[in-house]
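Just below is one structure, and these are the notes that go with it.
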């Protein structure tokens, strides 16, 4: 499967616990984006990362949320001390960077299946 | 912040009918993308548009990048039951091919056999 992979697909946490969401981009893609979707709404941008760098985090809440995309391994979206309002679907998307001979056009973003987070 | 208005919010049509939906933005975009999302899944890219005035087809789907760069439409011809889903437009500001997308609110499409 050459697509964007996310795990887990479903995550249940109690208030105050930590949630870790993982995203493996399409093979050859070096740009990763995270979006959040509330029920019956469109997706809202959170953060844009390249390998080892955060490029744009203008959509990230100031507290409790962090993201990384290490040199090796998947991108991680981490939510500390979760609250009920964090319940949502979190989607990761990837795109190729300059000069990357991969699937897809550089201007397009390809989405994973999402992680549905439920905070009890 | 950026405003992207997508209409209609929902459509109920008979199989075989054509469908049209559109998006307008409050500022200029350099990229318009159209996605389809089914329950429990992530958005799937249908059509990507990169130039003002560009008209692109993908099977029964046709999309256009408005000349003003502030709007786009998607047409689906001869709809079939498997066209059911939520359709989202998304756009990108700025002068590069990278960066965040702003999404519309979605159009819920129901097709009656």
Cα radius of gyration and Dmax for segment B:73-113 (Å): 13.9, 44
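I need the fraction of alpha carbon pairs in the protein assembly as shown separated by more than 31 Å, rounded to a whole percent. If you can, show how the numbers build up before the last one.
Values: 5739 of 27028 pairs.
Tail of P(r) above 31 Å: 21 percent of Cα pairs.
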Binned Cα-Cα distance frequencies in segment B:1-100 - 5 Å width, integer %: 3, 13, 24, 25, 19, 10, 5, 1, 0
Per-q log10 I(q)/I(0), segment A:1-108, q = 0.16, 0.21 Å⁻¹ (Debye; single scatterer per alpha-carbon; no solvent): -0.71, -1.18
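Using just the alpha carbons, could you tell me how many Å³ per residue the convex hull of segment B:40-88 encloses?
Numbers: hull volume 4.1 nm³, N = 49.
Enclosed volume per residue, from the Cα hull, is 84 Å³.
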Square roots of five times the Cα gyration tensor eigenvalues for segment B:1-44, Å: 23, 15, 10
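No lab work stands behind these numbers, since they all come straight from the coordinates. Computed from a predicted structure; not experimentally measured.
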